[in-house]
Amino acid sequence: MEQDLMSERSELPVFVPAYDTEHTGGCLEACREIVRVHREHNVPATFFIVGRLLEEEGREYRELLGDSGLFEVASHTYSHRLFLDHPVCGKGADLEQIHTEIVEGKRLVEDVFERPCVGLRPGCGFETGFRGASGVVAELAAAGLRYVSSQLWGPHSTVPAPLEQAYTYADEGAPGLWEFPGHGWHENVLKGHNATPGRLLLWPPFYPDALMTGYVKTPREEFEVHRFFVDRAIRDRREYVSLVWHPWSLGKFDPDMAMLEQLFGYVAEQGMGFARFCDLRERRCS
Ligand SMILES: [Zn+2]
């Protein structure tokens, strides 16, 4: 896989499938279907898993993801507490709580899967990731994390999230800690699966061609929304594109994962490769 990744590097972005795995209701069942699609297409993925979920269903997740080289398992914090204040999602925890969220979340991934956890995606994500949040960055670096994926929103905490690319937290004192922003529409928002206020759009829009007039109704419509960001990543010569996906929400809307089948097929047709976030981080060691 590493070889594929490198050969695509100069011309085409890679697609990074990533899943915020966070609910006892629905995530595990959906992950079984997601894993089936990934195995059939031989497509790697990063699963960010909440620590509390592993306390309850760790054995099942280990069986599902543990012995495949296709899957990276990273942390989605211990209990999904917010690390910063967020205008849509709520108030941030204090630094002591954040320390526990980081350390316990990482430890549970490592205990359950018996391999290092190098990445973390915080609950909800933020407009500018952890830029300027030196206290949080210091905790992440001290825990031994090598990357985070925390920038998941557009300007003024809107969706879709633009195709921002990787950067380091050198300015916050951690040059070895990388940020890999997520892109596009949070798919749960596309379907009205969360109680979201109606003020999520940016004006003037970042991507006027990708305006939505309502919730998506079919997997095909969802595919069309995500495809825009794949096409745009190619056009803009990005290194990677990664959408913000939640197994519970994907499964509720599309239990057979038809959207994933369509999108992975489309990505492959474009000649693009696939990667996990840990693969993107590894590139930066050489
Ligand atoms: Zn989450």
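Please treat every number below as a calculation from the coordinates, not as lab data. Here the structure is a predicted model, which means the values were calculated and not measured. We place every Cβ from the backbone using ideal geometry, glycine too, and count neighbours over all the protein chains shown.
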message: Could you give each residue of region 134-139 its phi-based ³J(HN,Hα) in whole Hz, using Karplus coefficients 6.51, -1.76, 1.60 with θ = phi - 60°, and x for Gly or Pro?
response: 4, x, 5, 4, 4, 5
- prompt: Which order results if V43, V267 are arranged by neighbouring Cβ count within 10 Å, fewest first?
  reply: V43, V267
- prompt: In debye, nearest 20: dipole of the chain around its Cα centre with unit charges on the Cβ of K, R (+) and D, E (-)?
  reply: 420
- prompt: Fewest first, what order do Y240, Y266, Y61 take by the number of other Cβ atoms within 10 Å?
  reply: Y266, Y61, Y240
query: Each label point is 7 Å from the Cα along the Cα-to-Cβ direction; what then is the distance between the points at F206 and T24, in nm?
result: 3.5
- prompt: P(r) for region 1-127: what percent of alpha-carbon pairs falls in each 5 Å bin, starting at zero?
  reply: 2, 11, 19, 21, 18, 13, 10, 5, 1
query: For region 106-123, in order, what is each residue's ³J(HN,Hα) by Karplus, 6.51 cos²θ - 1.76 cosθ + 1.60 with θ = phi - 60°, in whole Hz (x at glycine and Pro)?
result: 5, 4, 5, 4, 5, 5, 6, 9, 6, 8, x, 9, 9, x, 8, 10, x, x
query: Can you give the convex hull volume of the alpha carbon atoms of region 104-246 per residue, in Å³?
result: 142
- request: Calculate the spin-label point distance for R115 paired with N42, positioning each point 7 Å from the Cα along the beta-carbon direction, and give it in nanometres.
  value: 1.8
- prompt: Which parts of region 57-94 would a label at A268 reach, counting a residue when its backbone N lies under 12 Å from a point 7 Å out along Cα-to-Cβ?
  reply: none
- request: At q = 0.09, 0.13 Å⁻¹, work out log10 I(q)/I(0) for the chain with the Debye formula, treating every Cα as an identical point scatterer and leaving solvent out; two decimals please.
  value: -0.38, -0.84
- request: Quick one: which residues, 5 or more positions from L120 or on another chain, have an amide H under 5 Å from its amide H? H modelled 1.01 Å from N in the peptide plane, none for Pro or chain starts.
  value: S75, Y147, V148, S149
- line: In this structure, the FRET efficiency calculated for R107 and E11 from their beta-carbon separation, with R0 = 41 Å, to the nearest 0.05, is 0.55
- prompt: Normalised by the residues of the chain, what does the relative contact order come to in percent, with Cα pairs under 8 Å and at least six apart?
  reply: 26
statement: Residues whose modelled amide H sits under 5 Å from the amide H of L177, counting only those 5 or more places away in sequence or on another chain, are Y169
task: Output the antiparallel fraction of DSSP beta bridges having both residues in the chain, as a percent to the nearest 5.
output: 25
message: Run the numbers for F228 and D67: contour at 0.36 nm per residue of separation, minus the present Cα-Cα distance, in nm.
response: 54.6 nm
task: Counting other beta carbons within 10 Å of each Cβ, put L54, L84 in order, fewest first.
output: L84, L54
query: Could you give the nm distance between label points at R235 and T168, where each point is 7 Å from its Cα heading toward the beta carbon?
result: 3.3
- prompt: If the viscosity is 0.890 mPa s and the temperature 25 °C, what translational diffusion coefficient in µm²/s does Stokes-Einstein give for region 181-238 when Rh comes from Kirkwood over Cα pairs?
  reply: 197
query: Considering only the other residues whose Cβ falls under 14 Å of the Cβ of C117, what net charge follows from Lys and Arg at +1 and Asp and Glu at -1?
result: +2
query: How long is the gain from R59 to E261 if the chain were fully straight, where each residue apart is worth 0.36 nm and the alpha carbon distance is subtracted?
result: 70.0 nm
